[in-house]
1. Taking region 104-119 as the region of interest, how many residues are modelled with pLDDT of 90 or more and open to solvent by 30 Å² or more (accessible area, probe 1.4 Å)?
2. Residue check, R396 against (1) free of Cβ contacts under 8 Å to residues at least 24 places away in the same chain; (2) outside any strand (DSSP E or B), all met but one. Which one?
3. With respect to D348, is the statement that it is open to solvent by 20 Å² or more (accessible area, probe 1.4 Å), closer than 17 Å to D391 by Cβ, in contact with a Ser or Thr (Cβ under 8 Å, 6 or more places away or on another chain) and not in a strand (DSSP E or B) true?
4. If we keep just the residues of region 44-72 that are among the aliphatic types (A, V, I, L, M) and more than 18 Å from the chain's Cα centre (by Cα), which is modelled with the lowest pLDDT?
5. Enumerate the pairs (first residue in region 89-115 and without any contact (Cβ under 8 Å) to a residue 60 or more places away in the chain and small (G, A, S); second residue anywhere and open to solvent by less than 10 Å² (accessible area, probe 1.4 Å) and part of a loop (DSSP other than H, G, I, E, B)) with beta-carbon separation below 9 Å, excluding pairs fewer than 6 apart on the same chain, so at least 6 apart or on different chains.
6. So for region 120-136 (the condition being in contact with a Phe, Trp or Tyr (Cβ under 6 Å, 6 or more places away or on another chain) and open to solvent by less than 20 Å² (accessible area, probe 1.4 Å)), does at least one residue qualify?
7. Only one of L314, L287 is modelled with pLDDT of 80 or more, in contact with a Gly (Cβ under 8 Å, 6 or more places away or on another chain), under 28 Å from E363 (Cβ atoms) and not acidic (D, E). Can you tell me which?
8. Exactly one of (1) closer than 19 Å to G33 by Cβ; (2) open to solvent by 40 Å² or more (accessible area, probe 1.4 Å); (3) in a loop (DSSP other than H, G, I, E, B) is unmet by K89. Its number?
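The values are calculated or read from the model by the stated rules, or taken from the named source; none is laboratory data. Given the structure is predicted, the values throughout are model-derived calculations rather than measurements. Cβ placement follows ideal geometry from the backbone for every residue including glycine, while neighbour counts extend to all protein chains displayed. To get the accessible areas, we keep the full protein, side chains included, count just its heavy atoms, and leave off ligands, DNA and RNA. Shrake-Rupley method; radii C 1.70, N 1.55, O 1.52, S 1.80 Å.
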Amino acid sequence: GPPPPPPPGRVDIVLARCEAGSPGQQWVMTATGAVSTLQGADGTGLHTCVDVGSCSTARGASVHIHDNPDGCGNNTAGNTCRAKNELWKMTADGELESINAPGLCIAASTNNGATLATCGSATKFAAPGNQPAPIVTAANASLCLAVQPSLDGAAVEEGDQEDWVPTDWESLGLSHNYGGALQVSEALLHRIEQRQREAGEVCMMGPQGPGGEVYSTHTAIGAAVWHLVVGVQLGGAGLNVTPSMLGMNVAARPSNVPYIQVPWSDATTFKADSAATAAAFSAEAPLQLHPSSGTGPLPRGPVDQYDAHIQYSLLAPVFPTGWAFVGETHKLVPVSKQRATSLTQTSDGFTAQIVGKPGELVELGAYHADHGYAYVTCTLNTTGAAQFLVDGSGPRCGGTASPK
């Protein structure tokens, strides 16, 4: 069925079929960059503002209608960015760029609201005429920026007066980018919970997709790229993940530099079995994510014992020597530039520069079809560094090492 209506104070902005005279499609943009709609409590459009949630400057942040009693773009009590999250400018390409988050523009959809996206990949609009006026998409003159119809002319309540207070992640020592990402995720979960409560449903924060969810990310060290794929609570027949799904052009790579699949299981503390054989990864040999039904080589056991079945796989490039770097054990993300700052291929293997805390023990692994998985534990020196060396005889450390 249709999604539940948005909670008060967080009214969605969508793309809808243009309707002449519709208050929810009539917009005013001031000289200072405030963008507001005529649809609201008093019909003036002075207070119902296009707003970025929680002053976020992260990609994916929610863009919605928010009631600012002091007027759009004016600072309100408790607003951490002095209402700059309500200011916009139209770029030469017709995108609406956030003043508070330069380089990020409004990306609107017909059914999933609007978010911040990198300018150049966001929604492009035609310049509005005499105001108030509709804001029409450049690609389709029949689609307009609109207040979600479920508002039905009701007053937009003050969103910043909600009981929920977002976590200040940066104050906990996290980086700006990481803290911003957590802020967006937390706000999204809060919004889902609130909508479910208003619909009289019990909120269970499982995957929202009916068939489960699949996530992917990647790490690049030099010219080499590793991909991590996570499958969560998959239904049906599962999913075969191909290179094209991950934006990989494996076919264009030399045939002697393929990819392998490295399964990571919490049952073995995220460490591949030394005796296991790594499967190839290609369009002809996709990564198979199995359904969470108790069948197939799942990493967590029967689904009736675990609420969320999670499958992890690392896709690692194989170098011309046949060796592949499979990264650090005991980690959800085994290969990262925070641990392996550089990697150099050699005539018979590779060398990776490893960093961390002085005296720290770091278990690292490599794979070769002739040797299987091989691991070594390196002790980082007094400067917090070590070399992970791999050659024809296998892996070793350029420092104190304890082979496994």
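1. Residues meeting the conditions: 2.
2. Only one criterion in (1) free of Cβ contacts under 8 Å to residues at least 24 places away in the same chain; (2) outside any strand (DSSP E or B) is unmet by R396, namely (2).
3. yes
4. Looking only at region 44-72, we keep the residues that are among the aliphatic types (A, V, I, L, M), and these are 46, 50, 52, 58, 61, 63, 65.
Narrowing further to those that are more than 18 Å from the chain's Cα centre (by Cα): 46, 50, 65.
On the way: L46: 49, V50: 89, I65: 83.
Looking at the filtered set, the residue picked out is L46.
5. Taking only residues 6 or more apart or on different chains, the pairs are S98/A61; A101/S56; A101/A61; A107/E95.
6. yes
7. L314
8. Just one mismatch for K89, condition (3).
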